[in-house]
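Following: one structure in structure tokens, then a few remarks.
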Amino acid sequence: MISSELLKGSLKTIVLKVLEENGRMYGYEITRKVEEMTAGKIKLTYGALYPVLHKLEDEGVLVTDSENFNNRIRIYYKLTTRGKSVVTEKTGEMSEFIETLRRIIEPNTGLNNA
């Protein structure tokens, strides 16, 4: 499993990308999808997920709507138009970061010559 320390800076990008790929989702659904996509290596806790979702909503990147499901209110999250451009920006930053880390972790693979 990936440590929460490593995930901290990536969580926003992970959530945005999952929502971009899957559309409207609720919190539990997001956690399950991330776990499935990473073969269980990334397990999001609600304590980590919901503050990110609320922050993204405050920033105008996500909107919410609710639905009654089995007598419980389920809150769904969906990207706004602005959110779609933020996904592109954040995934670009993440790709550059991963490539830079790879140059440090695997210095003799020829990547440093690029």
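What percent do you get for the relative contact order of the chain when only Cα pairs under 8 Å and 6+ apart count?
With pairs under 8 Å counted, the relative contact order is 26 percent.
When we measure straight from the Cα of residue 8, which lysines land under 19 angstrom away, once same-chain ones fewer than 8 places off are left out?
17, 33, 41, 43, 55, 90
Residue separation times 0.36 nm, minus the C-alpha to C-alpha distance between residue 35 and residue 2: what's the value?
Difference between extended and current length: 10.8 nm.
Where does helix 46-58 land angle-wise versus the long Cα axis of the chain, in degrees 0 to 90, nearest 10?
Here the helix axis deviates by roughly 80 degrees.
With +1 on each Lys and Arg Cβ and -1 on each Asp and Glu Cβ, how big is the dipole of the chain about its Cα centre, in debye rounded to the nearest 20?
Working: 17 positive and 16 negative charges, 42 e Å.
That gives the chain a dipole magnitude of about 200 debye.
Given H placed 1.01 Å from N in the peptide plane, which residues other than close sequence neighbours of residue 61 have an amide H under 5 Å from its amide H?
Sorted by chain and number, the residues that satisfy this come to none at all.
Compute the angle between helix 27-37 and the longest alpha-carbon principal axis of the chain, please, reported from 0 to 90 degrees and rounded to the nearest 10.
30
So what is the 222 nm mean residue ellipticity for the chain from helices alone, if each DSSP H run of at least 4 adds -39500 (n - 2.57) and you divide by all residues, rounding to the nearest 500 deg cm²/dmol?
On the way: 5 runs with 66 residues, N = 114.
Rounded to the nearest 500, it is -18500 deg cm²/dmol.
Could you work out which residue, out of 64, 45, 13, moves most in a Gaussian network model of the chain, that is, has the largest mean-square fluctuation with Cα springs under 10 Å?
Greatest mean-square fluctuation among the candidates belongs to 45.
In whole Hz, with x marking every Gly and Pro, tabulate ³J(HN,Hα) for the stretch 80-96 from phi via Karplus 6.51 cos²θ - 1.76 cosθ + 1.60, θ = phi - 60°.
With the stated coefficients, the stretch 80-96 comes to 8, 4, 4, x, 5, 6, 5, 4, 4, 4, 5, 5, x, 4, 5, 4, 5 Hz.
Each reported figure results from applying straightforward, stated rules to the coordinates on display, with no laboratory input. Quick caveat, the model's predicted, so the values are computed rather than measured. Note that each Cβ is placed from the backbone with ideal geometry, even for glycine, and that neighbours are counted across all protein chains shown.
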